[in-house]
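Here's the structure, in structure tokens; my notes come after.
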Amino acid sequence: QVQLVESGGGLVQAGGSLRLSCAASGSIFSITTMGWYRQAPGNQRELVADITSGASPNYADSVKGRFTISRDNGRNTVYLQMNSLKPEDTAVYYCNVIYHAHGTYWGQGTQVTVSS
């Protein structure tokens, strides 16, 4: 079965940096898109960034210029480098992986808290 293991969340002061990672395993199918979503209390889950198998990234306007998404296809791992963090970036961050002909999967979520 598919398993997504996230790491890298935590508490950081405004202006600081964090790096999230998510490793996918358990499927023989190829991965098309990998991405990160976030959900703050009282808000809907929203896309932060995603990246295709051809390494074409897509970012939410709110994080452009501050966050960088990348992936290691050999390790089935996606990363999110978050710089210049703001209190409004505080949320639970979820990894999302889309497999070719095998569906979409979510990680368990990792908390990111940015203090002012």
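The values are calculated or read from the model by the stated rules, or taken from the named source; none is laboratory data. Being a predicted model, the structure only gives us computed values, none of them experimental. Please note: Cβ atoms are built from the backbone with ideal geometry, for glycine as well, and neighbour counts cover all protein chains shown. Accessible surface is based on the protein model in full, side chains and every heavy atom, while ligands, DNA and RNA are left aside. Shrake-Rupley method; radii C 1.70, N 1.55, O 1.52, S 1.80 Å.
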Computed magnitude of the charge dipole of the chain (debye, nearest 20; Cβ of K, R +1, Cβ of D, E -1): 120
May I ask for the Kirkwood hydrodynamic radius of region 56-109, worked out over all distinct Cα pairs and given in angstroms to one decimal? 12.9
Between F29 and T68, what FRET efficiency comes out of the Förster formula 1/(1 + (r/R0)^6) with R0 = 22 Å and r the beta carbon distance, rounded to 0.05? 0.25
Based on C-alpha coordinates, I'd like the Rg and Dmax of the chain, in Å. 13.6, 44
For the chain, calculate the relative contact order in percent as a whole number, restricting contacts to Cα pairs under 8 Å that are 6 or more residues apart. 36
With every protein chain present, what is the per residue accessible area of the chain (1.4 Å probe, Å²)? 52
Choose one of S27, A91, N76: the residue whose Cα lies farthest towards the positive end of the charge dipole of the chain (beta-carbon charges +1 Lys, Arg; -1 Asp, Glu; about the Cα centre). N76
Taking protein heavy atoms only, a 1.4 Å probe, and rounding to whole percent, the accessible area of region 37-87 owed to carbon and sulfur comes out at 41
